[in-house]
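Just so it is clear, none of the values below were taken in a lab; they were calculated from the coordinates. Here the structure is a predicted model, which means the values were calculated and not measured. So basically every Cβ, Gly included, is an ideal-geometry build from the backbone, and we count neighbours across all protein chains shown.
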């Protein structure tokens, strides 16, 4: 795993091909998210793959948590990346509904479908 200055950790599982995702472009991803507890994958809280509904967002526009804006940037279509996102780049002290507790670290497996 590589760690960025912000504290995001990532690992490319598969390197895609083509133009890299960059801020200002719409991207389409499949993802699965888990709570990350004591260095291990915890309970799954969401998955576009389980719903068979890819997720589309504008990269770098603040439509998603900061860890996604930072972690998806640079991926190429077909690429798969594991992200470990600290609370400061996720939902912080507020958490998210009943699913993500306050100050939770999150683990995502993200596949970039198009950029």
For the chain the mean separation of alpha carbon contacts under 8 Å (6+ apart) over residue count, i.e. relative contact order in percent, is 36 percent
Top mean-square fluctuation among 24, 79, 71, Gaussian network model of the chain, C-alpha springs under 10 Å?
24
Going by how many other Cβ atoms sit within 10 Å of their own, how do 14, 72 line up, fewest first?
14, 72
Which of 12, 46 has the fewest other C-beta atoms within 10 Å, and how do the rest follow up to the most?
12, 46
What FRET efficiency would be calculated for the residue pair residue 6, residue 51, taking the C-beta separation as r and a Förster radius of 35 Å, to the nearest 0.05?
0.75
If I compute Cα extents along the principal axes in Å from the structure I just sent, which labelled value in (i) 70, 31, 21; (ii) 37, 33, 25; (iii) 61, 29, 20 lines up?
(ii)
